[in-house]
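Comments concern the structure below.
What follows draws every value from the coordinates through simple rules; no lab data is involved. From a predicted model like this one, the values you see are computed outputs, not experimental measurements. So basically every Cβ, Gly included, is an ideal-geometry build from the backbone, and we count neighbours across all protein chains shown.
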Amino acid sequence: MFGDMMGMMQKVKQAQQKVEETKKRLDSVFIKQASEDELLKIEISANRNIKKIEVADELLKDKEQLEDYLIVHINKAIQRATEINDAEISAVAKEGMPNIPGLT
């Protein structure tokens, strides 16, 4: 039984290491979100760090519209990044976890 526990602990440690590696890799996975009219473009990493925002000159003339666009499309970009992040981290964590009855 003690050997099984050591083996499980080793698998958990390896899973944690794979999760950390995946988090680092997700820094280089980019999601692009643009408004339908292409006046606003946002690029965000799968770790939810905004990398770039492009605003068309036309939007700069209307502060309220720009604010609305930013709120809507940043939230969409964050949602998409979160979905990718969660899926990747979950897959790696589940793959590396030992088979413990009652936890799946």
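Between a residue in segment 56-71 that is loosely packed, with under 12 Cβ neighbours inside 10 Å and any residue that is in a helix (DSSP H, G or I), which pairs come within a Cβ distance under 8 Å, given they are 6 or more apart or on different chains?
Between residues of segment 56-71 that are loosely packed, with under 12 Cβ neighbours inside 10 Å and residues that are in a helix (DSSP H, G or I), the close pairs are Leu60/Leu66.
List pairs: first in segment 13-36 and within 20 Å of Gln79 (Cβ to Cβ), second in a loop (DSSP other than H, G, I, E, B), Cβ under 7 Å, 6+ apart or cross-chain?
From segment 13-36, the pairs are Lys23/Asn47; Leu26/Ala46; Leu26/Asn47; Asp27/Asn47; Val29/Ala46; Ile31/Ala46.
Listed here are the residues, each with its yes/no results for (1) polar (S, T, N, Q); (2) within 16 Å of the chain's Cα centre (by Cα); (3) closer than 21 Å to Ala91 by Cα.
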position: Lys11; (1), (2), (3): no, no, yes
position: Gln16; (1), (2), (3): yes, no, yes
position: Val29; (1), (2), (3): no, yes, yes
position: Lys32; (1), (2), (3): no, yes, no
position: Leu40; (1), (2), (3): no, no, no
position: Glu43; (1), (2), (3): no, yes, no
position: Ile50; (1), (2), (3): no, yes, no
